[in-house]
1. Go through segment 76-132 and give me each residue that's buried (at least 19 other Cβ atoms within 10 Å of the Cβ), within 13 Å of LEU163 (Cβ to Cβ) and of a type in the set (Gly, Ala, Ser).
2. Restricting to segment 115-159, and then to whatever is touching a Ser or Thr at 6+ places or on another chain (Cβ under 7 Å) and part of a strand (DSSP E or B), can you tell me which residue is modelled with the lowest pLDDT?
3. List pairs: first residue in segment 87-99 and within 18 Å of VAL118 (Cβ to Cβ), second residue open to solvent by 10 Å² or more (accessible area, probe 1.4 Å) and of a type in the set (Lys, Arg) anywhere in the structure, Cβ distance under 6 angstrom, at least six positions apart or on different chains.
4. Give segment 38-52 a look and list any residue that's of a type in the set (S, T, N, Q) and not in a helix (DSSP H, G or I), or say none.
5. Just to be sure I understand, how many residues within segment 72-106 are of a type outside the set (Phe, Trp, Tyr) and assigned to a helix (DSSP H, G or I)?
6. Assess whether LEU106 counts as being under 16 Å from the mean Cα position of the chain (by Cα) and on the phi > 0 side of the Ramachandran plot.
7. Restricting the search to segment 1-37, which residues are at pLDDT 95 or above, open to solvent by less than 20 Å² (accessible area, probe 1.4 Å) and outside any helix (DSSP H, G or I)?
8. Quick check, is LYS44 open to solvent by 50 Å² or more (accessible area, probe 1.4 Å), in contact with a Pro (Cβ under 8 Å, 6 or more places away or on another chain) and either within 18 Å of SER95 (Cα to Cα) or not hydroxyl-bearing (Ser, Thr, Tyr) (or both)?
Amino acid sequence: MKFDYLKEEVGSRIADRVYDIARKFSLALDVGCGRGYIAQHLNKETVGKFFQVDIAENALKNTLEMEIPTVSVLADEEFLPFRENTFDLVVSSLSLHWVNDLPRALEQIHYVLKPDGVFIGAMFGGDTLYELRCSLQLAETEREGGFSPHVSPFTAVNDLGHLLGRAGFNTLTVDTDEIQVNYPGMFELMEDLQVYF
């Protein structure tokens, strides 16, 4: 829980975006819910019933308390166990960068979402950990005469728009939000990253 500050912040920002939509969502789904970082910021006036899906059983066992009636489901983001057109709202916070097949996961989200439903998600994007990547590349080039990647690539924002369109989403809004976290050194950053990656 020492490292939850970023997940808490992003969950709060996603909840704020849900509140910006002037309607009640009777059935909502959180894909890759973790401990429930989005649900804890929502209320029953906005969401009637909330399904939380995660591939990590331990995360589901340790979900945070919330006022919305909630169902926890152990499932893979790429193979959601729900019928077509089930949910009014699907949210996802800092989990989609983990999936092996992002296009498939987005197709699954579109499949379970009602035609007039809303999908709000947040994931680490293309420039995440840019400074760390550059530092490692410079250090390895200096010592070894070349480098190999040590940080996995992240999906670029313009690519994400294309992937969402390909999955069947229309009326897209894709934007970026930057959260800067400073560390005294690389090893403190690496300790923090063990939780997220």
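The values are calculated or read from the model by the stated rules, or taken from the named source; none is laboratory data. Since the model is a prediction, treat every value here as computed from it, not as a measurement. Reconstructed Cβ throughout: ideal geometry from the backbone, glycine too, with neighbour counts over all protein chains shown. Just so you know, the surface numbers come from the protein's heavy atoms only, side chains and all, with ligands and any DNA or RNA stripped out. Shrake-Rupley method; radii C 1.70, N 1.55, O 1.52, S 1.80 Å.
1. ALA105, GLY121
2. This residue is ALA122.
3. Correct list of pairs: ASP88/LYS114.
4. Residues satisfying the conditions are ASN43, THR46, GLN52.
5. Restricting attention to segment 72-106, the residues satisfying the condition of being of a type outside the set (Phe, Trp, Tyr) are 72-78, 80-81, 83-86, 88-97, 99-106.
Of the ones still in play, those that are also assigned to a helix (DSSP H, G or I) are 96-97, 102-106.
The qualifying residues number 7.
6. No: the conditions fail for LEU106.
7. PHE25, ALA28, LEU29, ASP30, VAL31
8. For LYS44, the condition - open to solvent by 50 Å² or more (accessible area, probe 1.4 Å), in contact with a Pro (Cβ under 8 Å, 6 or more places away or on another chain) and either within 18 Å of SER95 (Cα to Cα) or not hydroxyl-bearing (Ser, Thr, Tyr) (or both) - is met.
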